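Only one structure is covered here, and it is reproduced in the block below.
Here, each number is a calculation from the coordinates, and none is a lab measurement. Because the structure is a prediction, the values reported are computed rather than measured. Reconstructed Cβ throughout: ideal geometry from the backbone, glycine too, with neighbour counts over all protein chains shown.
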Amino acid sequence: MKDEFIFAGAPYSNSAPLVDKLIEVDTRVRVMNDHPANLARDLNEGKADVALIPVAHLFNHPELTMLKGLGVAADGPVKSVLLKCNKPMGKIKTICRDPASATSNALAEILMRKYFKQNIEMCDFKAVDKPDATVVIGDRALCADPAPAGDIDLAEAWQKWTKLPFVFAVWAVRKDFEHIDEVTKIAHKAYQQGFLATEDIAARFSEQLGGTYLFWLDYLDNSIYYKLDARDLEGMNRFQKLLRGMDDFKIPGRNVAFTS
């Protein structure tokens, strides 16, 4: 029996129902926080056994595999993954990436080019003094005032275009990890307890970041969800296929179909 399981995530509200109860459901669990962009690396370097990684990183790391049935997803407006527009649609030429999320940046680019039919340039953070729009995610997006030309909810735009939900992140492990079944059970048990604790989570983030308790509770209960089914996997497959058409986003190996 393994003495310790290290789960890695980021300290954001959208992952709290998945992470908060991990230590309570199994005393062998230790939780570490890191920048989302580093979590796949943490897995491969052995710093973590399980990590809540952005799906774009899952696609780009064929040596990793997702734990079945859990992730961070939305089927409509998500409120926490936004394109904040300084100019109206039709005049947006430069978009600043959010350094925290390759997934959301890629989603913004795909939607702008394929759905909104705009010719845009994606720029790194602070590379452009005044970008026409900026990708903003997570608690920072939830707490921000509306942009001068309005906000585009990227999950809502994806759902309108594809009629599918969008999966932002999943629990993942290395394919050669010997305890996949065991950590999968731990992750599901922790979510079952975390789901029952959303009122406490909402109260905590209201106190820490502002906003009303009802605002955070509505976000956790209605904007995002965590149990993935066949439609969510179909959305992941659609996103992966679209990523393969992007010149600057290379997915190694063959296309992998995600199935339940």
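Descriptive notes on the structure:
- Pairs beyond 21 Å (Cα-Cα), from Lys47/Lys189; Lys68/Lys189; Lys126/Lys241: Lys47/Lys189; Lys126/Lys241
- Partners for Lys21 among aspartates and glutamates (Cα-Cα distance below 13 Å; same-chain residues under 8 apart left out): Asp200
- Overall shape: rounded for the range 81-162, with the ratio a/c of the largest to smallest alpha carbon gyration tensor axis below 1.5.
- Dipole of the chain [Lys/Arg +1, Asp/Glu -1 at C-beta], most positive-end residue of Gln208, Val128, Tyr12: Val128
- Likely footprinting exposure, Val50, Val136, Val31, fewest C-beta neighbours within 10 Å first: Val31, Val136, Val50
- When Ile180, Ile53, Ile23, Ile224 are arranged by Cβ crowding within 10 Å, least crowded first, meaning fewest neighbours, the order is Ile23, Ile180, Ile224, Ile53.
- Residues Ile137, Ile95, sorted so that the one with the fewest Cβ neighbours within 10 Å comes first: Ile95, Ile137
- Annotation: lysines with alpha-carbon distance below 21 angstrom to Lys130 (same-chain offsets under eight excluded): Lys84, Lys87, Lys91, Lys93.
- Projecting the Cα atoms of Met89, Tyr191, Ile23 onto the dipole axis of the chain, where Lys and Arg carry +1 and Asp and Glu carry -1 at the beta carbon, places Met89 farthest toward the positive end.
- Placing unit charges on the Cβ atoms only, positive for Lys and Arg and negative for Asp and Glu, gives the chain a dipole magnitude near 1020 debye about its Cα centre.
- Over the chain, the Kirkwood radius and the radius of gyration, each from Cα atoms, give a ratio Rg/Rh of 0.96.
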